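Peer 1: Sharing a structure with you now.
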Amino acid sequence: MTTVLVILGVLVLYIIFAYNGLVARRNQCKEAWATIDTQLKRRYDLIPNLLETVKGAAKHEKETLNAVVAARTAAMAATGAADKSVAENALSGALKNIFALAESYPNLKANENFLELQRELSDTETKIQATRQFYNTVVMGLNTAVEQFPTNLIANMFGITKEKLFEIDESERVAPKVKF
């Protein structure tokens with residue numbers, strides 16, 4: 001009888017510890033996602049200033065500017081890791097076009113505001129990359145725990161599910177061609 005109670009007690013303790021571990025991992029994922037959102041908000045706030053600077057120097061490039069505005073709007077409206085990944089990759093591509101555009105306009109390349117905004121965006125992009133990497137690391141930990149036996153039984157019992165990784169677009173995987 002006491003052996004059964006000890007085994008039952010150990011089982012209950014294991015379930016409690018496993019559940020608490022899964023909840024901690026799920027909360028890490030939420031916190032990492034919030035950190036990504038913070039950095040993305042910073043980027044969204046910089047973009048209008050960049051566009052105004054470019055608009056003044058490159059008046060004939062409305063299509064490129066409109067593409068950035070549309071990509072920013074779509075990225076801000078996207079929810080969830082999968083949709084956010086797609087929208088953010090489109091925004092990154094549109095921003096690359098803005099910086100490529102600067103090569104055609106020497107007065108824009110020399111503009112202090114543009115250069116400072118370019119530095120700020122570059123710094124922000126670096127921070128976004130770091131936060132995405134951290135997010136994917138904690139998601140991998142959660143997903144592994146949700147799939148491994150016996151924690152998968154506890155995850156299923158309490159409805160704890162896997163999260164989506166923040167992935168890059170397939171077009172980003174292609175190495176750029178450099179011509180001299």
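The values are calculated or read from the model by the stated rules, or taken from the named source; none is laboratory data. Everything quoted here is computed from the prediction, not taken from an experiment. Every residue, glycine among them, receives a Cβ derived from its backbone with ideal geometry; neighbour counts consider all protein chains shown.
Peer 1: Go through segment 123-149 and give me each residue that's under 15 Å from the mean Cα position of the chain (by Cα) and small (Gly, Ala, Ser).
Peer 2: 130, the sole residue that qualifies.
Peer 1: Quick one: in segment 92-113, which of the residues that are over 25 Å from the mean Cα position of the chain (by Cα) and assigned to a helix (DSSP H, G or I) is nearest to residue 37 (Cα to Cα)?
Peer 2: The qualifying residue nearest to residue 37 (Cα to Cα) is 113.
Peer 1: Give the number of residues within segment 1-37 that are closer than 30 Å to residue 90 by Cα and surrounded by 15 or more Cβ atoms within 10 Å (Cβ to Cβ).
Peer 2: Within segment 1-37, residues that are closer than 30 Å to residue 90 by Cα and surrounded by 15 or more Cβ atoms within 10 Å (Cβ to Cβ) number 8.
Peer 1: Name the single residue, out of those in segment 91-112 being out of contact with any Ser or Thr (no Cβ under 9 Å at 6 or more places or on another chain) and buried (at least 20 other Cβ atoms within 10 Å of the Cβ), that is modelled with the highest pLDDT.
Peer 2: Checking each candidate, the answer is 91.
Residues are listed down the side, and each one gets a yes or a no for (1) among the hydroxyl-bearing types (Ser, Thr, Tyr); (2) touching a strand residue (DSSP E or B) at 6+ places or on another chain (Cβ under 6 Å); (3) more than 22 Å from residue 133 (Cα to Cα):
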position	(1), (2), (3)
20	no, no, yes
33	no, no, no
49	no, no, yes
79	yes, no, no
86	no, no, no
111	no, no, yes
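Peer 1: Name the residues in segment 38-83 that are among the acidic types (Asp, Glu), surrounded by 12 or more Cβ atoms within 10 Å (Cβ to Cβ) and assigned to a helix (DSSP H, G or I), would you?
Peer 2: 52, 83, listed by residue number.
Residues are listed down the side, and each one gets a yes or a no for (1) without any contact (Cβ under 8 Å) to a residue 12 or more places away in the chain; (2) of a type in the set (A, V, I, L, M, F, W, C):
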| position | (1), (2) |
| --- | --- |
| 76 | no, yes |
| 87 | no, yes |
| 94 | no, yes |
| 109 | yes, no |
| 118 | no, no |
| 122 | yes, no |
| 129 | yes, no |
| 133 | yes, no |
